[in-house]
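Asker: Just passing along the structure, written as structure tokens.
The values are calculated or read from the model by the stated rules, or taken from the named source; none is laboratory data. Keep in mind it's a predicted model, so treat the numbers as computed, not measured. Note that we place each Cβ from the backbone using ideal geometry, even for glycine, and neighbour counts take in every protein chain shown.
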């Protein structure tokens, strides 16, 4: 791609349009949803199964990419083996702009299904705030206790607010 055709986030020219292939193989103008979907696929490729989450910043960057731009609350889980290698990433519950219902039984079932040794739970705050609510802290305690019953460790609970994150493990709230 030459310099004159490159797209800039600050480019206001109306003659630049991103295109994607439709199901028939034709190129059509990309919608916001298709651009976000393509970006999420790139993130998926960056974090392939078996990738080791050996540093908190790696986890937080991954979760920012996955959850930071969403306009509704999502509760997600990173399932790992005993060496903290990625088994799977799952957006387990979807909510509204300000809350998501989370069921401990479902988290336990999914952890057992994947034979996970540990999990990192996360959710986003579409408001952009990373401050944990009283409900966030209570939910963390309940989920950690439920997972302990099946010998699955909760490594962290990360809250994503836009391009910022807060790790409950790093702040001593886990």
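Asker: Using the structure shown, decide if residue 75 is under 26 Å from residue 54 (Cβ atoms), in contact with a strand residue (DSSP E or B) (Cβ under 6 Å, 6 or more places away or on another chain) and assigned to a strand (DSSP E or B).
Answerer: yes
Asker: Restrict the check to region 144-153 and report whether at least one residue is surrounded by 13 or more Cβ atoms within 10 Å (Cβ to Cβ), at pLDDT 95 or above and under 20 Å from residue 54 (Cβ atoms).
Answerer: yes
Asker: Would you point out which residue out of 122, 100 is within 14 Å of residue 77 (Cα to Cα) and modelled with pLDDT of 90 or more? It would help to see each step written out before you state the result.
Answerer: Details: 100 fails: modelled with pLDDT of 90 or more.
Residue meeting the stated conditions: 122.
Asker: Is there any pair with a first residue in region 57-75 that is within 16 Å of residue 86 (Cα to Cα) and a second that is part of a loop (DSSP other than H, G, I, E, B) whose Cβ atoms are under 7 Å apart and which are 6 or more apart or on different chains, and what are they?
Answerer: Close Cβ pairs (under 7 Å, with a partner that is part of a loop (DSSP other than H, G, I, E, B)) amount to 59/53; 62/47.
Asker: Residue 66 fails exactly one of the following numbered conditions: (1) modelled with pLDDT of 90 or more; (2) under 15 Å from the mean Cα position of the chain (by Cα); (3) buried (at least 16 other Cβ atoms within 10 Å of the Cβ); (4) not in a loop (DSSP other than H, G, I, E, B). What is the number of that condition?
Answerer: Exception for residue 66: condition (1).
Asker: Let me ask another. I'd like the full set of residues that are farther than 15 Å from residue 93 by Cα and touching a helix residue (DSSP H, G or I) at 6+ places or on another chain (Cβ under 8 Å), limited to region 133-148.
Answerer: Passing the criteria: 142, 146, 147.
Asker: Tell me, yes or no, whether region 40-57 has at least one residue that is assigned to a loop (DSSP other than H, G, I, E, B) and at pLDDT 85 or above.
Answerer: Scanning region 40-57, I find no residue that is assigned to a loop (DSSP other than H, G, I, E, B) and at pLDDT 85 or above, so the answer is no.
Asker: If you go through region 109-139, how many residues are surrounded by fewer than 20 Cβ atoms within 10 Å (Cβ to Cβ) and not in a loop (DSSP other than H, G, I, E, B)?
Answerer: Of the residues in that region, 10 qualify.
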